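I have placed the structure first, in the form of structure tokens, so that the comments after it can refer back to it.
The values are calculated or read from the model by the stated rules, or taken from the named source; none is laboratory data. These figures come from a predicted structure and were not determined experimentally. FYI the Cβ positions are ideal-geometry reconstructions off the backbone, even for glycines, and counts take in every protein chain you see. Heavy atoms of the whole protein, side chains included, go into the accessibility calculation; ligands, DNA and RNA do not. Shrake-Rupley method; radii C 1.70, N 1.55, O 1.52, S 1.80 Å.
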Amino acid sequence: MRIYDLILKKRNGGILTAEEISAFIDGYVKGSIPDYQAAALCMAIFFRGMTDGETAALTDCMARSGDMIDLSRFGDLTVDKHSTGGVGDKTTLIVAPIVASLGGKVAKMSGRGLGHTGGTVDKLEAIPGMRVTMEREEFLRQVEEIGIAVIGQSGNLTPADKKLYALRDVTATVDSIPLITSSVMSKKIAAGSKSIVLDVKAGSGAFMKTPDDARILARNMVAIGKKCGRRMSALITDMNNPLGTAVGNTLEVVEAVRVLRGASKGDLYDVCVALAAEMTMLFAGVTHAEAESLVVSAIESGKAFQKMQEWVAAQGGDSAWLSSAGYGDGAALALPVLSPAHGYLSAMDTEAIGSAAVILGAGRSKKEDAIDYSAGILVHKKTGDAVEKGQVLATLYTNDAAAAEPAMKRYLNALIFSPEPPAESSLIFDIIR
Ligand code: URA
């Protein structure tokens, strides 16, 4: 079988067989298929799409391209969550300890920031001392003992996705529904949890710009997970604003702690309660109303924050720091962004806000860049808010004086003002079960 023929077949709108897809993944992982041919095939898939059968075969081959984690010792209690990526999305730091405090087993592998989106592993590393690598047995022992362990992706989990994702990132082929489906679901299936809740983001800061596209992606992923014997659910949530108020690693940990301690309500709290309730429904077999009330009482009783402290300590982190850290800690500069207009904030280009945070040092422009954990943005005004000229819309934090002006420009250019309030929008567009 020649890879040239597969590229040509897909380019002309043909349907690849499971054997052809398997030959592609096998050859690409082994290195016999070069990047330029894999990139050409990804671009053909981007334009021609894939049938459900092709997407399922691709997901299966990618999941089996490396190690598969066996979590069977935990029975049906294992539960995972995956976000398709957003700005200010620190939900894992909140929902994972909530669910673990309710008896779920969260054995989670998370990613680093990509482009304008942040990653859980970078946020965890903002906690002094926190380790995000562990040997397999230690990882499983921690899950057994305290119900939760979150680490970076282990060495040989879905090597096909590792290679393909890096290639897609630089060949403009990330935002393809079959390619995202196979990337996300291969990792989730290889990671072994019985129940999986997906947070599919839709809007200006997400890969899927509209709820309709996000719905198609969510349905595909839920169907594939169910075919593989997993309990599945997907929420379609808004990414037309940063989630919560903090963007940047330390800032986001501080905000996550505030939510877990019941000190912060709003969109972040609402999305986290919805995600944690969905996870609890799946692993505990309770109704949605029961799950939601369990989640709220885990926050209000302090049980969820106590679980976060236990989790951080177990991974070598400074759990006392969680209670003492504050917004802006470690950043030499705090720069107010002043409103140039009077009226309403009618829209935010969330992707541009994410890239303003990257300019400040919160993310990487190149893979090898170091992160400044204290850098980022605290958003004071979001879409729909009334603003006065000269009012502080956001505070930018950085240690890099040269970043201040370009980040400020990027932030202001991301905002649209209007004399009238914009139409109200939903936070959770849909739930696919
Ligand atoms: N997140 C992933 O893990 N993969 C994608 O392709 C897109 C978002």
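Test ALA190 against the stated conditions and say whether it is buried (at least 22 other Cβ atoms within 10 Å of the Cβ) and either under 19 Å from ASP67 (Cβ atoms) or away from the ligand (no atom under 12 Å from the Cβ) (or both). Against the criterion (buried (at least 22 other Cβ atoms within 10 Å of the Cβ) and either under 19 Å from ASP67 (Cβ atoms) or away from the ligand (no atom under 12 Å from the Cβ) (or both)), ALA190 qualifies.
Of all residues in segment 237-254, one or more are within 28 Å of SER182 (Cα to Cα), out of contact with any His (no Cβ under 7 Å at 6 or more places or on another chain) and open to solvent by 40 Å² or more (accessible area, probe 1.4 Å). Restricting attention to segment 175-187, the residues that are touching a Ser or Thr at 6+ places or on another chain (Cβ under 9 Å) and open to solvent by less than 20 Å² (accessible area, probe 1.4 Å) add up to 9.
Confirm whether ASP199 is open to solvent by less than 10 Å² (accessible area, probe 1.4 Å), assigned by TED's automatic domain parsing to the domain that holds MET308 and modelled with pLDDT of 95 or more. For ASP199, the condition - open to solvent by less than 10 Å² (accessible area, probe 1.4 Å), assigned by TED's automatic domain parsing to the domain that holds MET308 and modelled with pLDDT of 95 or more - is met.
Figure legend. Inter-residue proximity from segment 168-190: first residues farther than 22 Å from ASP80 by Cβ, second residues more than 8 Å from the ligand (Cβ to nearest atom) and of a type in the set (Gly, Ala, Ser), beta-carbon distance below 6 Å, spacing 6+ or different chains. Indicated pairs: THR171/ALA39. Taking segment 130-150 as the range and being in contact with a helix residue (DSSP H, G or I) (Cβ under 8 Å, 6 or more places away or on another chain) and exposed (fewer than 15 other Cβ atoms within 10 Å of the Cβ) as the test, the residues that pass are GLU144, GLU145.
Note on segment 160-190: residues that are out of contact with any strand residue (DSSP E or B) (no Cβ under 9 Å at 6 or more places or on another chain) and farther than 19 Å from ILE224 by Cβ total 8. Restrict the check to segment 151-158 and report whether at least one residue is crowded, with 23+ Cβ neighbours inside 10 Å, under 22 Å from GLY225 (Cα atoms), under 17 Å from the mean Cα position of the chain (by Cα) and touching a residue at least 24 places away in the same chain (Cβ under 8 Å). Taking every residue of segment 151-158 in turn, none turns out to be crowded, with 23+ Cβ neighbours inside 10 Å, under 22 Å from GLY225 (Cα atoms), under 17 Å from the mean Cα position of the chain (by Cα) and touching a residue at least 24 places away in the same chain (Cβ under 8 Å).
Conditions (1) within 16 Å of the ligand (Cβ to nearest atom); (2) of a type in the set (A, V, I, L, M); (3) out of contact with any His (no Cβ under 9 Å at 6 or more places or on another chain), marked per residue:
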position: ALA96; (1), (2), (3): no, yes, yes
position: ALA107; (1), (2), (3): no, yes, yes
position: ARG141; (1), (2), (3): no, no, yes
position: ASP169; (1), (2), (3): yes, no, yes
position: ALA172; (1), (2), (3): yes, yes, yes
position: ILE177; (1), (2), (3): yes, yes, yes
position: SER195; (1), (2), (3): no, no, yes
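Among the residues of segment 61-87, which ones are within 16 Å of the ligand (Cβ to nearest atom) and either free of Cβ contacts under 8 Å to residues at least 40 places away in the same chain or part of a helix (DSSP H, G or I) (or both)? Reasoning before the result, please.
Initial filter on segment 61-87 (within 16 Å of the ligand (Cβ to nearest atom)): 61-63, 65-66, 80-87.
Within segment 61-87, CYS61, MET62, ALA63 meet the criteria.
Among the residues making up segment 292-349, a single one is open to solvent by 70 Å² or more (accessible area, probe 1.4 Å) and of a type in the set (Lys, Arg): LYS303. When you look at MET109, is it touching a helix residue (DSSP H, G or I) at 6+ places or on another chain (Cβ under 7 Å) and either open to solvent by 10 Å² or more (accessible area, probe 1.4 Å) or more than 24 Å from ASN249 (Cα to Cα) (or both), yes or no? So MET109 fits the description; yes. Of all residues in segment 173-217 being out of contact with any helix residue (DSSP H, G or I) (no Cβ under 8 Å at 6 or more places or on another chain) and aliphatic (A, V, I, L, M), which is farthest from THR117 (Cα to Cα)? Step by step, filter segment 173-217, then rank; the result is ALA191. The single residue among ALA407, ALA423 that is out of contact with any Pro (no Cβ under 7 Å at 6 or more places or on another chain), among the hydrophobic types (A, V, I, L, M, F, W, C) and free of Cβ contacts under 8 Å to residues at least 24 places away in the same chain turns out to be ALA423. Checked against the criterion of being out of contact with any Ser or Thr (no Cβ under 6 Å at 6 or more places or on another chain), crowded, with 20+ Cβ neighbours inside 10 Å and in a loop (DSSP other than H, G, I, E, B), the candidates ALA172, ALA206 yield just one match: ALA206. Screening the candidates ASP60, ASP70, ASP52 for the property of being more than 23 Å from SER154 (Cα to Cα) and under 26 Å from the mean Cα position of the chain (by Cα) yields one hit, ASP52.
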